[in-house]
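The values are calculated or read from the model by the stated rules, or taken from the named source; none is laboratory data. None of these values were measured; they are calculated from a predicted model. Reconstructed Cβ throughout: ideal geometry from the backbone, glycine too, with neighbour counts over all protein chains shown. Quick note on the areas: whole protein, heavy atoms, side chains included, nothing else; ligands and nucleic acids left out. Shrake-Rupley method; radii C 1.70, N 1.55, O 1.52, S 1.80 Å.
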Amino acid sequence: GTEGNALCELYDLSPGNSTVRNISTRGEVGTADDVMIGGFIIGGTTSTKIMIRAIGPSLAAFGVTGVLPDPVLELHDKDGSLIYQNDNWRAAQAQQIIDTTIAPSDESESAIIATLAPGAYTAIVHDAGTAQGVALVEVYMLGQ
């Protein structure tokens, strides 16, 4: 019955023979610094093409109440520098996102496609305004 923060981790112990293609987490997004954070690491020695999604409004179709109305997605590198940002997935990379066949179903949700070098990255989700609510952050591996 107690609320709090938790950490969920996934480790690929055989990265040369990996079958991990997606990881996601759902949580409450607040205001100011009370954001949702999803960290991930690109392993190996070559760059990997990924898609990150920040889902909010479409969660209501699955019975989730109090969804985040307008999720904004930021991608930061290992130093914390902002390297990509998206609010409303059709605003940038729309055709690339559609071509993945996993485009967000609501126009106000966010997505970023990037080819990233091996290293640590952080996806941050917050609302475009000052709303709070439940969101889902997902990272998909699209290929090399």
For a test of the definition: using alpha carbon positions, the gyration tensor, and the 1.5 limit on a/c, classify the stretch 89-144 as rounded, prolate or oblate. oblate
Given a 1.4 Å probe, how much area per residue of the chain is accessible, in Å²? 58
Label-point separation, Asp34 to Glu3 (7 Å along Cα→Cβ), nm: 0.6
Quick one: net charge of Val134's neighbours, Cβ under 9 Å, K/R +1, D/E -1? 0
